[in-house]
1. At a threshold of 8 angstrom on Cα-Cα distance, excluding pairs fewer than six apart, so keeping six or more, what relative contact order does region 21-75 reach in percent?
2. Want the number for residue 43 to residue 31: 0.36 nm per residue separation, take away the alpha-carbon distance, what's left?
3. Determine the dipole magnitude for region 21-75: charges of +1 sit on the beta-carbon of Lys and Arg, -1 on that of Asp and Glu, nothing else is charged, the reference point is the Cα centre, and the result goes in debye to the nearest 20.
4. Starting from 0.36 nm per residue, how many nanometres of slack lie between residue 52 and residue 75 once their C-alpha separation is accounted for?
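Nothing in this text is a laboratory measurement; each read-out follows from the coordinates by a stated rule. Just so it is clear, the structure is predicted and the values come from calculations on it, not from any experiment. Cβ placement follows ideal geometry from the backbone for every residue including glycine, while neighbour counts extend to all protein chains displayed.
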Amino acid sequence: MDSRRSPAERAVLITDAQQSRIDEHNTRRKRYTITMGVRIVCLILAAFVYETVWLMAILVVLACVLPWMAVLIANDRPPKKAQRVSGLAHPAPDRAVDSGRPGRTIEG
């Protein structure tokens, strides 16, 4: 959806259509940016609390792990919806059309 439009101008989603690729990419990019922002905050906090070694160590380890986590989270796509294909299912026996011919046999 376009965030510049007012709520009244946004299209109403009445189908089971998936989110557009552009919107999905923007959402994933936003998640990555937020995670990397948290990493920067961890590094800055670690610099300020260097006297408390255990807290500094936790913040540094977190800052080292966050880029890997950010990539995994940003590359994770939402699961595809299961679709039921009704055209391939066998009809119910009471709804099957009888051809009127007896079963074909192949004589050899």
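1. Averaging sequence separation for qualifying contacts and normalising by length gives 47 percent for region 21-75.
2. This chain segment gains 2.4 nm when fully extended.
3. It comes to approximately 260 debye.
4. Values: separation 23, 0.36 × 23 = 8.28 nm, distance 3.51 nm.
Taking 0.36 nm per residue and subtracting the Cα distance, the gain is 4.8 nm.
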